[in-house]
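One structure is given here, and the rest of the page talks about it.
The values are calculated or read from the model by the stated rules, or taken from the named source; none is laboratory data. Nothing here was measured: the structure is a model prediction, and the numbers come from that model. Reconstructed Cβ throughout: ideal geometry from the backbone, glycine too, with neighbour counts over all protein chains shown. SASA here: full protein model, heavy atoms, side chains in, ligands and nucleic acids out. Shrake-Rupley method; radii C 1.70, N 1.55, O 1.52, S 1.80 Å.
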Amino acid sequence: MVNKVTRKKHYRPPGQKKEGNAARYVTRSQAVKQLQVSLPVFRKLCIFKGVFPREPKKKVKGNHHTYYHLKDVAFLHHEPLLEKFRDIRAYEKKISKADAKKNKERANFLKEHRPTYVLDRIIRERYPKFIDALRDLDDCLSMVHLFAALPAQERLKVEAKRIHNCRRLSHEWQAFISRTHKLRKVFISVKGIYYQAEVEGQKITWLTPHSLHQALTDDVDLTVILNFMEFYETLLAFVNFHVYHSINLKYPPILDPHLEALAADLYALSRYFDANTRSSLLDSQTSSSSGYGQVDAEENSELRLAQLQQQLSLNEPTALMHLVEDAAAKNEDEDEDEDTRECKKLFKNMKFFLSREVPRESLLFVIPAFGGMVSWEGDGAPFTESDKTITHQIVDRPTQTHKFLTREYVQPQWVFDCVNTRLILPTEDYLVGRVPPPHLSPFVDNEAEGYVPDYAETLNRLKAAAKSEVLPLPGVGKEDLDDPQKLLAEGIIDRAEAIEAAEKKQKMMALEKQYHDELKLELQGVQYSSATSNVDKQSSNQENEGGEDADLPDPEQIAEDNANLPLVVMSRNKKKLYEAMQIGKRRKKGEIDLLKERKRKHKESQKSQ
């Protein structure tokens with residue numbers, strides 16, 4: 001008798017080949033161990049390379065771990081910057097060793113010659129095209145503008161050099177947007193000021209803090225934020241370099257040291273833009289008129305300088321802007337789109353003066369972006385408050401004692417509301433001492449939200465009046481515009497057009513009634529041929545057949561059943577998703593009803609007063 005050999009079941013030994021999520025994902029501690037770096041260096045490397053944690057379907061090591069894809073870790077393993085970080089770590093050990101031996105001379109020498117690294121290659125690797133960098137610029141601009149407003153604190157590693165660099169980069173970006181008229185929307189909120197610009201078809205939105213004193217607390221860990229900041233500074237420098245060269249300007253710009261010392265960086269950048277534009281125009285003129293022979297480079301530069309000094313009057317610092325405007329307008333209009341041309345002409349031929357209490361940097365950015373000229377109270381200003389050509393003065397105080405009769409005194413909100421509506425609004429509601437109307441967000445679609453504020457309706461009517469369109473009056477729906485009698489009474493159409501519109505309306509009402517009657521007969525099961533022959537009989541016997549109609553199916557019930565029919569064939573997950581969507585719609589409808597109720601109570605309280 002042959003004994004059967006029982007084979008033991010093969011078990012995979014631990015540490016051997018893995019399958020599934022265990023083979024595709026590793027924890028953060030495993031990744032740090034594979035790369036042989038410290039945790040702060042690993043975080044910095046992940047931020048620079050754009051590697052983020054993953055969420056596997058099945059977490060093998062438990063829910064309390066952070067997981068990374070194995071390919072991402074291998075991607076970091078071949079990064080040349082990793083070897084640079086290891087060299088820096090070894091160099092720091094040399095410094096600490098020299099300090100331990102109290103060799104101050106060697107320690108100081110090593111500290112002065114610390115190895116550095118650049119992120120240029122990583123920027124080109126992550127953003128092979130310029131449009132890719134523009135898509136990822138929102139967080140970068142918000143972070144750079146935030147650090148530009150922070151105070152320098154060496155204790156928290158917020159260096160003054162970084163603050164000045166962020167301020168310079170933010171002003172260079174704002175100067176480009178203002179010069180090319182790419183700004184589209186502005187909204188002032190509690191968090192700060194939201195801006196939206198459109199560059200090469202990409203909408204870029206960023207947030208700038210209010211010009212108030214910012215205080216840093218120990219509750220915020222700035223280590224990770226500073227790593228992001230290091231990457232964002234390089235990215236924004238690359239973007240500024242590209243956009244400046246796209247409009248034939250050198251980067252970095254050379255600013256007037258006097259204006260720079262007076263903290264008028266934006267105005268200094270605008271002067272730099274205008275001067276370079278003028279010099280490029282003179283270059284083209286001299287090159288086109290060089291038929292008599294070739295002139296030396298020194299003579300050309302002296303000729304350009306003499307022409308600029310002759311045409312630029314000393315008593316008007318903004319004369320250079322007037323010189324450039326007319327010469328460059330023809331070339332710029334050919335390359336600009338419709339929105340840019342509209343924004344460029346909004347504040348055309350308007351001169352603004354800013355009082356000392358208004359947000360100066362924001363208005364210095366917004367007003368020139370829409371074609372206006374602006375000055376302020378202080379040194380380095382283009383023109384003074386006593387200039388008689390000023391059309392608007394921006395004031396944010398309860399009263400204004402001294403007034404010029406040739407200008408209008410408005411609040412800063414008027415400028416932002418004009419920008420968002422692309423229309424010069426009436427200034428009566430924005431005068432000094434008055435409560436301005438609500439500042440509506442241009443990022444909210446009121447029609448999609450289902451609630452349109454009163455002031456939004458007023459702005460829509462002003463836009464329609466500017467475009468010669470017809471919109472309903474307050475409290476009147478769009479269907480009321482179809483009434484020819486009301487249109488005749490308002491003087492919109494004449495009597496002949498009103499008679500023709502009334503006849504068309506009667507025909508449409510008759511056809512609509514016939515359609516509803518045929519639909520009702522179809523629900524009753526009557527064919528169309530028999531229904532047309534027995535219409536009169538059914539109309540005469542409608543009262544006698546009231547009891548039979550009660551047995552017929554209800555059209556509303558049929559419609560509800562048809563609406564619920566797709567739910568029967570839905571899977572469980574899709575049905576839950578659909579129910580969640582319906583809950584969200586009901587919640588949104590409840591919020592809209594609450595707003596309408598508050599609006600009704602507010603109007604009643606105003607009437608009672």
If I filter the range 350-362 for residues that are within 21 Å of residue 421 (Cβ to Cβ), open to solvent by less than 20 Å² (accessible area, probe 1.4 Å), outside any strand (DSSP E or B) and assigned by TED's automatic domain parsing to the domain that holds residue 398, do I get at least one hit? yes
Taking residue 95 and the conditions (1) open to solvent by less than 100 Å² (accessible area, probe 1.4 Å); (2) within 35 Å of the chain's Cα centre (by Cα); (3) β-branched (Val, Ile, Thr), which numbered condition does it fall short on, given that it satisfies the others? (2)
If I filter the range 39-71 down to residues being closer than 19 Å to residue 227 by Cα and not hydrophobic (A, V, I, L, M, F, W, C), which single residue comes out as farthest from the chain's Cα centre (by Cα)? 40
Is one or more of the residues making up the range 221-231 β-branched (Val, Ile, Thr) and not in a helix (DSSP H, G or I)? no
Checklist (1) within 17 Å of residue 216 (Cα to Cα); (2) in contact with a Ser or Thr (Cβ under 9 Å, 6 or more places away or on another chain) applied to residue 138, failing item: (1)
Starting from the range 380-403, keep only residues that are more than 23 Å from residue 348 (Cβ to Cβ), then list their pairs with residues that are surrounded by 13 or more Cβ atoms within 10 Å (Cβ to Cβ) and at pLDDT below 85 whose Cβ atoms are within a distance under 9 Å, requiring at least 6 positions of separation or different chains. 380/256; 380/259; 380/262; 380/263; 380/264; 380/267; 380/268; 380/317
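Yes/no per residue for (1) surrounded by fewer than 17 Cβ atoms within 10 Å (Cβ to Cβ); (2) of a type in the set (Gly, Ala, Ser); (3) in a helix (DSSP H, G or I):
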| site | (1), (2), (3) |
| --- | --- |
| 45 | no, no, yes |
| 61 | yes, no, no |
| 68 | no, no, no |
| 75 | yes, no, yes |
| 84 | yes, no, yes |
| 89 | yes, no, yes |
| 109 | yes, no, yes |
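Would you mind stating whether residue 246 is in contact with a strand residue (DSSP E or B) (Cβ under 9 Å, 6 or more places away or on another chain) and surrounded by fewer than 21 Cβ atoms within 10 Å (Cβ to Cβ)?
So residue 246 fails the test.
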Could you tell me how many of the residues in the range 122-171 are touching a His at 6+ places or on another chain (Cβ under 9 Å) and acidic (Asp, Glu)? 0
Of (1) in contact with a strand residue (DSSP E or B) (Cβ under 6 Å, 6 or more places away or on another chain); (2) modelled with pLDDT under 90; (3) acidic (Asp, Glu), residue 154 satisfies every one except (1)
Of all residues making up the range 581-604, the number that are open to solvent by 100 Å² or more (accessible area, probe 1.4 Å) and under 12 Å from residue 451 (Cα atoms): 3
Identify, please: which residue in the range 417-453 is open to solvent by 60 Å² or more (accessible area, probe 1.4 Å) and hydrophobic (A, V, I, L, M, F, W, C) and is, among those, farthest from residue 464 (Cα to Cα)? 435
Restricting attention to the range 393-416, report how many residues are closer than 23 Å to residue 182 by Cβ and open to solvent by 10 Å² or more (accessible area, probe 1.4 Å). 2
If you go through the range 532-546 one residue at a time, do you hit one that is modelled with pLDDT of 75 or more and exposed (fewer than 10 other Cβ atoms within 10 Å of the Cβ)? no
When you scan the range 130-143, do you find a residue that is open to solvent by less than 60 Å² (accessible area, probe 1.4 Å), assigned to a strand (DSSP E or B) and closer than 25 Å to residue 421 by Cα, even just one? no
